[in-house]
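What follows is a set of notes on a single structure, which appears directly below.
The values are calculated or read from the model by the stated rules, or taken from the named source; none is laboratory data. Fair warning: this is a prediction, and the values are worked out from it, not measured in the lab. All Cβ positions, glycine included, derive from the backbone under ideal geometry; neighbour counts span all protein chains shown.
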Amino acid sequence: MEFDSNSEYEIDKNSMPGIWHGFLLILITGALSFLIAPLINISVGEIIVIKPWVVFLNYNLSFGALLFIAIRLWQHNKFETSNTPIVLYFILLPLILAMSVIAEGIVSLLPMPDFMVKLFEQMIQYNVPSYLVIGVSAPILEELIFRGVVLKGFLKKYNPKKAILWSAIIFGAAHLNPWQFIPAFLIGLVIGWLYYKTRSIWPGIFIHFVNNSASFYMAYKYQDVNVGFIDISGSTLNYIILLAASTITCIIIYSILNKFLSNTQTQVINHE
């Protein structure tokens, strides 16, 4: 990945919190979930109409509070929402699919124990509240927190490579399990690079939305939260071919994006 040496982010380094603050957010994430969930369950009780919305309420209250804390911690004043060309989102679509295939291939090397499988099945239901968490709330709140606040702060304190790497690590670790850490870390690297190049949270929200929505759709279609490309490809050989094609696709699209975003970034700077 290519980075510019003269960036507006290389200012006011000493005033920004460091990497350890990011890991502090992870501890806060877990604490908020454990504190808020029981309160919601007690409040809801046996109200049948509200019960399906327990996970939705827990997630939004927990990550809404986390966003507030992150904003205060980083003394954040605004989110970066620079305009990005529509064509960028069409370029990103095949990249999202290719990254999902690669991430799944890596995760498959680490078999998930039965208790984790059951835990995911209990957490994710095939209903509207679950989709709103996975496909809407998570893309918006997590991008605002981990790119809009955390990465923005890191880019002011560290060089771009270090900032993007550590923000991706923290984003992955915030999922609190190794099976989600790997894909979250990989997607965090890509989104972080896009954020740095575009100065906008919109590409990250788009990637997050498409990736999560596609995963939810597959789980709903096959009624299996752990279903993946390995399962639906038909054979090991088919998946290997798909994996190879996805790797080549990522390389090609990265090359296209790097040139496209470099030109776009130059135009934005000249305009400013």
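Within segment 8-35, residues that are assigned to a helix (DSSP H, G or I) sit with their Cβ atoms under 7 Å from residues that are modelled with pLDDT under 85 and exposed (fewer than 15 other Cβ atoms within 10 Å of the Cβ), at 6+ positions apart or across chains, in these pairs: Gly30/Leu176. Note on segment 191-218: residues that are touching a helix residue (DSSP H, G or I) at 6+ places or on another chain (Cβ under 8 Å) and within 25 Å of Ser233 (Cα to Cα) total 11. For segment 126-157, a tally of residues being within 19 Å of Ile201 (Cβ to Cβ) and in a loop (DSSP other than H, G, I, E, B) returns 0. Is it the case that Val128 is at pLDDT 95 or above, surrounded by fewer than 18 Cβ atoms within 10 Å (Cβ to Cβ) and of a type outside the set (Phe, Trp, Tyr)? So Val128 does not fit the description; no. Please work out if Tyr89 is in contact with a helix residue (DSSP H, G or I) (Cβ under 6 Å, 6 or more places away or on another chain), surrounded by fewer than 17 Cβ atoms within 10 Å (Cβ to Cβ) and not β-branched (Val, Ile, Thr). Answer is yes for this residue.
Of the residues Ile191, Ile164, Ile169, Ile205, the single one that is farther than 29 Å from Ile86 by Cβ and at pLDDT 95 or above is Ile169. One residue stands out in segment 208-251 among those that are among the hydrophobic types (A, V, I, L, M, F, W, C) and outside any helix (DSSP H, G or I): the one that is surrounded by the fewest Cβ atoms within 10 Å (Cβ to Cβ), namely Val227. Counting the residues of segment 165-201 that are assigned to a helix (DSSP H, G or I), surrounded by fewer than 19 Cβ atoms within 10 Å (Cβ to Cβ) and of a type outside the set (A, V, I, L, M) gives 3.
Using the structure shown, decide if Leu66 is out of contact with any helix residue (DSSP H, G or I) (no Cβ under 7 Å at 6 or more places or on another chain), modelled with pLDDT of 85 or more and in a helix (DSSP H, G or I). Show your work before the answer.
On the way: out of contact with any helix residue (DSSP H, G or I) (no Cβ under 7 Å at 6 or more places or on another chain): no; modelled with pLDDT of 85 or more: yes; in a helix (DSSP H, G or I): yes.
Against the criterion (out of contact with any helix residue (DSSP H, G or I) (no Cβ under 7 Å at 6 or more places or on another chain), modelled with pLDDT of 85 or more and in a helix (DSSP H, G or I)), Leu66 does not qualify.
Whenever a residue of segment 204-217 is farther than 15 Å from Phe229 by Cβ, its partners that are surrounded by 18 or more Cβ atoms within 10 Å (Cβ to Cβ) and of a type in the set (Asp, Glu), lying with C-beta atoms within less than 7 angstrom and at least six residues away or across chains, give the pairs Gly204/Glu143; Ile205/Glu143; His208/Glu142; His208/Glu143. Close contacts from segment 153-177, counting a first residue that is touching a residue at least 12 places away in the same chain (Cβ under 8 Å) and polar (S, T, N, Q) and a second that is buried (at least 23 other Cβ atoms within 10 Å of the Cβ) and outside any loop (DSSP other than H, G, I, E, B), with Cβ to Cβ under 6 Å and a gap of 6+ residues or different chains, come to Ser167/Val150; Ser167/Leu151; Ser167/Phe154; Ser167/Gly192.
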